[in-house]
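Contents: one structure, followed by commentary.
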Amino acid sequence: MTNKEKYEQVFITCFSLEKTALNDELVYNSLPEWDSVGHMAMITVLEETFNIMIETDDIVDFSSYNKGFEILEKYGIRFNST
Amino acid sequence: MDFFNCIDMYGEAVAVIAEDSEQISYKEFLLIADEIKKHLYERSLVFCICGNNIESIAGYIGFLRGSVVPLLVNMHTNKEALKNLLRLYLPRYVWLPKSMNEDISDCEPVYYYGNYVLLKTSFTSSYSLHDDLALLLTTSGSTGSPKFVRQSYKNIMSNANSISEYLKINDKDRYITTMPMSYTYGLSIINSSLLKGASICLTNKTLMEKEFWRLLKEHNVTSFGGVPYIYEMLKRLRFSRMDLPSLRTLTQAGGRLDKELSLEFATICRDKGIRFFVMYGQTEATARMSYLPPEYAILKAGSIGIAIPGGKFRLQDENGNTINESETIGELVYEGDNVTMGYSNDCKDLCKGDENRGILKTGDIAKRDNDGFYYIVGRKKRFLKIFGNRVNLDEVESMLKTAGYECACDGTDDGMKIFITLKDSPKEVKHYIIENTGINQVGFSVICVPKIPRNNSGKVLYSALQCYGGSLV
């Protein structure tokens, strides 16, 4: 699986989503599943998936699906689709 | 005098800070509150659809000052549940966000303030309100249960007084909201802060959002409260490494914080010079019944502490006899002026007087140590606390049964297990439960079993269910 696929899978599993829901509009609080409780669970799954430890500032800055790419890149996760 | 009538004296001091950072003085705040109340008849019932915003809190205080009885409903309550509550309680007015206006049919707008509108409903009230009745609060806020707690003016005043006394709240304090105001713990923070001229920074942002921490720093917030799950989040956010110099007091209630986490926060707070209060309460006792003084937070970690000023605890055995020995388990019974009048299930119950007479059997099983500190060890009633929400297991079972699912519910706080049979889809059940409780799915696991084990008379054998474990669906 590519990093992008892994990332997508975390959202699909944590928030019970279809792949089509993974877009610009997927932001914190845009669905009932993505509240503070869901956020914490999702962060934990991301950390396990990519074997990283996300810093506090990044946890609270992780405000959207798109923003997540940017944040994970800081931890050396590459999403280039080549 | 009731607190909401004596806070005028704080004049120019800041009462609330709105989410856009506008600071509103007590004087301005009470002008807003009193303007709202002018548009309602005294001793009428109003549904106050709350969020952590200036409109809700000004409405609430205005209603109390105008002898109008508010029933607080969280603005995220699902539409069907709200409709059901309207049908059962027939309120004369509804105070709600303009955006929800169309959810209420047959009514006439009588006043607007900010993003809120006051609607006069078409219900013809054929019920009366008891003179002592001040406020109606839900016990769960989640299952859409019509069961509300009837709180009197004396209850609210007495509890706000006790809380502000042991927390030593003063006009230098500044709270930030971390819970909905329709939730008893959230509301008690608002009441006890206003009583002492402290200020409240209003936000619907959560600890998982950058904006929350920005507000906390910008407004030099001194205190906030949290249910156990908030402490899990704080731990996850490595609170120990955060630099928050204005923070002086943290409180915890809304469910049992496990001993380890309690000890961890007691230690972190000691090192940071923050007072850490573990507390215990129920909506049936207005809010608060006990607190653990911060100087004992480490030594007595895991304890709910001692009764609040003006209150008394005792333990009772199965025959109703008081247990005098320490380290002996019994039902925790509380006595005090904050024990509420009783429950209501619809508007016909609102004429009822005080049914509890100052005594509350908490339904919690506890023990007392040799130094007089209390510890909760179990529960008599079948309910769980999920992210601070009280969720009655039998209510969930009957809700699911009505929806056509055969099931049995069990589990632990923050982890309900719903056992269903192979004929039903776990995904569907999970969807149904989150839709109807508004609680995050992380709090539930659905487990398929071949058959719900029952005894000869059809009662579910919960102990037999435990062998099915909890593989997540």
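Please go through segment A:23-56 and give me each residue that is assigned to a loop (DSSP other than H, G, I, E, B), more than 7 Å from chain B (Cβ to nearest Cβ) and of a type outside the set (D, E, K, R), ordered by number.
At the first step, the residues of segment A:23-56 found to be assigned to a loop (DSSP other than H, G, I, E, B) are A:23-26, A:28-35, A:51-55.
Filter once more, keeping what is more than 7 Å from chain B (Cβ to nearest Cβ): A:23-26, A:29-31, A:34, A:51-55.
If the condition is that a residue be assigned to a loop (DSSP other than H, G, I, E, B), more than 7 Å from chain B (Cβ to nearest Cβ) and of a type outside the set (D, E, K, R), then A:Asn23, A:Leu26, A:Asn29, A:Ser30, A:Leu31, A:Trp34, A:Asn51, A:Ile52, A:Met53, A:Ile54 are the ones that fit.
Does B:Tyr296 fit the bill of being within 17 Å of B:Asp371 (Cβ to Cβ), buried (at least 18 other Cβ atoms within 10 Å of the Cβ), out of contact with any His (no Cβ under 8 Å at 6 or more places or on another chain) and of a type in the set (Phe, Trp, Tyr)?
Numbers: within 17 Å of B:Asp371 (Cβ to Cβ): yes; buried (at least 18 other Cβ atoms within 10 Å of the Cβ): no; out of contact with any His (no Cβ under 8 Å at 6 or more places or on another chain): yes; of a type in the set (Phe, Trp, Tyr): yes.
Taking the combined requirement at face value, the residue does not satisfy it.
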- Query: Do you know which residues across segment B:424-456 are of a type in the set (A, V, I, L, M, F, W, C) and in a strand (DSSP E or B)?
  - Reply: B:Phe444, B:Val446, B:Ile447, B:Cys448, B:Val449
- Item | Residues of segment B:195-221 satisfying the condition of being crowded, with 21+ Cβ neighbours inside 10 Å, away from chain A (no Cβ under 14 Å) and not aliphatic (A, V, I, L, M) | B:Lys196, B:Ser199, B:Cys201
- Message: For segment B:436-458, check the following and say yes or no: at least one residue is buried (at least 16 other Cβ atoms within 10 Å of the Cβ), in contact with an Asp or Glu (Cβ under 7 Å, 6 or more places away or on another chain), without any contact (Cβ under 8 Å) to a residue 24 or more places away in the chain and more than 14 Å from chain A (Cβ to nearest Cβ).
- Response: no
- Task: Filter segment B:68-115 down to residues that are under 22 Å from B:Met399 (Cβ atoms) and part of a loop (DSSP other than H, G, I, E, B) and give me whichever is modelled with the highest pLDDT.
- Result: B:Met75
- Task: Kindly provide the set of residues from segment B:230-260 that are over 19 Å from B:Asp364 (Cβ atoms), surrounded by fewer than 19 Cβ atoms within 10 Å (Cβ to Cβ) and more than 14 Å from chain A (Cβ to nearest Cβ), ordered by number.
- Result: B:Pro245, B:Ser246, B:Arg248, B:Glu260
- Hey, among B:His76, B:His39, which residue is in the same structural domain as B:Asp349 (by TED's automatic domain parsing), in contact with a strand residue (DSSP E or B) (Cβ under 6 Å, 6 or more places away or on another chain) and surrounded by fewer than 24 Cβ atoms within 10 Å (Cβ to Cβ)? B:His39
- Within segment A:62-82, track down each residue that is assigned to a helix (DSSP H, G or I) and either within 21 Å of B:Phe387 (Cβ to Cβ) or not aliphatic (A, V, I, L, M) (or both). A:Tyr65, A:Asn66, A:Lys67, A:Gly68, A:Phe69, A:Glu70, A:Glu73, A:Lys74
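Is it the case that B:Lys352 is modelled with pLDDT under 95 and either on the phi < 0 side of the Ramachandran plot or touching an Asp or Glu at 6+ places or on another chain (Cβ under 8 Å) (or both)?
The answer is no for B:Lys352.
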- Task: Please state which of the following conditions A:Asn66 fails to meet, knowing it meets all the rest: (1) more than 10 Å from chain B (Cβ to nearest Cβ); (2) polar (S, T, N, Q); (3) under 11 Å from the mean Cα position of the chain (by Cα); (4) under 21 Å from B:Thr178 (Cα atoms).
- Result: (4)
- Selection from segment A:10-22 of residues more than 10 Å from chain B (Cβ to nearest Cβ) and of a type outside the set (Val, Ile, Thr) yields A:Phe11, A:Leu17, A:Glu18, A:Lys19, A:Ala21, A:Leu22
- Item | Hey, B:Ile57 in a helix (DSSP H, G or I), of a type in the set (Val, Ile, Thr) and in the same structural domain as B:Gly186 (by TED's automatic domain parsing) or not | yes
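Quick check on this structure: which one of B:Leu82, B:Leu88, B:Leu119, B:Leu133 is under 15 Å from B:Glu42 (Cα atoms), hydrophobic (A, V, I, L, M, F, W, C) and either under 27 Å from the mean Cα position of the chain (by Cα) or surrounded by fewer than 17 Cβ atoms within 10 Å (Cβ to Cβ) (or both)?
Working: B:Leu82 fails: under 15 Å from B:Glu42 (Cα atoms); B:Leu88 fails: under 15 Å from B:Glu42 (Cα atoms); B:Leu119 fails: under 15 Å from B:Glu42 (Cα atoms).
The match here is B:Leu133.
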- Quick check: anything in segment B:316-328 surrounded by 15 or more Cβ atoms within 10 Å (Cβ to Cβ) and under 25 Å from the mean Cα position of the chain (by Cα)? no
- If you go through segment B:400-407 one residue at a time, do you hit one that is more than 20 Å from B:Tyr468 (Cα to Cα), in contact with a strand residue (DSSP E or B) (Cβ under 9 Å, 6 or more places away or on another chain), assigned by TED's automatic domain parsing to the domain that holds B:Met289 and surrounded by fewer than 16 Cβ atoms within 10 Å (Cβ to Cβ)? no
- Considering only residues of segment B:4-14 that are out of contact with any Gly (no Cβ under 8 Å at 6 or more places or on another chain) and surrounded by 20 or more Cβ atoms within 10 Å (Cβ to Cβ), which is farthest from B:Ile61 (Cα to Cα)? B:Val14
- Boolean, B:Lys154 is in contact (Cβ under 8 Å) with a residue 12 or more places away in the chain and either within 14 Å of chain A (Cβ to nearest Cβ) or part of a strand (DSSP E or B) (or both): no
- Message: For B:Ser164, only one of the following conditions fails: (1) surrounded by fewer than 20 Cβ atoms within 10 Å (Cβ to Cβ); (2) assigned to a helix (DSSP H, G or I). What is its number?
- Response: (1)
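Does A:Ile59 count as farther than 18 Å from A:Gln9 by Cα, part of a helix (DSSP H, G or I), within 14 Å of chain B (Cβ to nearest Cβ) and not basic (Lys, Arg)? Step through it out loud before you land on a result.
Values: farther than 18 Å from A:Gln9 by Cα: yes; part of a helix (DSSP H, G or I): yes; within 14 Å of chain B (Cβ to nearest Cβ): yes; not basic (Lys, Arg): yes.
Yes.
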- Answer yes if at least one residue in segment A:4-20 is surrounded by fewer than 17 Cβ atoms within 10 Å (Cβ to Cβ), touching a residue at least 60 places away in the same chain (Cβ under 8 Å) and in a helix (DSSP H, G or I), and no otherwise. yes
- Could you tell me whether segment B:382-398 includes any residue that is within 14 Å of chain A (Cβ to nearest Cβ), among the aromatic types (Phe, Trp, Tyr) and in contact with an Asp or Glu (Cβ under 9 Å, 6 or more places away or on another chain)? yes
- Message: Filter segment B:138-157 down to the residues that are surrounded by 22 or more Cβ atoms within 10 Å (Cβ to Cβ) and at pLDDT 95 or above and list them by number.
- Response: B:Phe148, B:Arg150, B:Gln151, B:Ser152, B:Asn155, B:Ile156, B:Met157
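The values are calculated or read from the model by the stated rules, or taken from the named source; none is laboratory data. Please read all numbers here as calculations on a predicted model, not as lab measurements. Because the Cβ atoms are built from the backbone with ideal geometry, glycine has one as well, and the counts that use them run over all protein chains shown.
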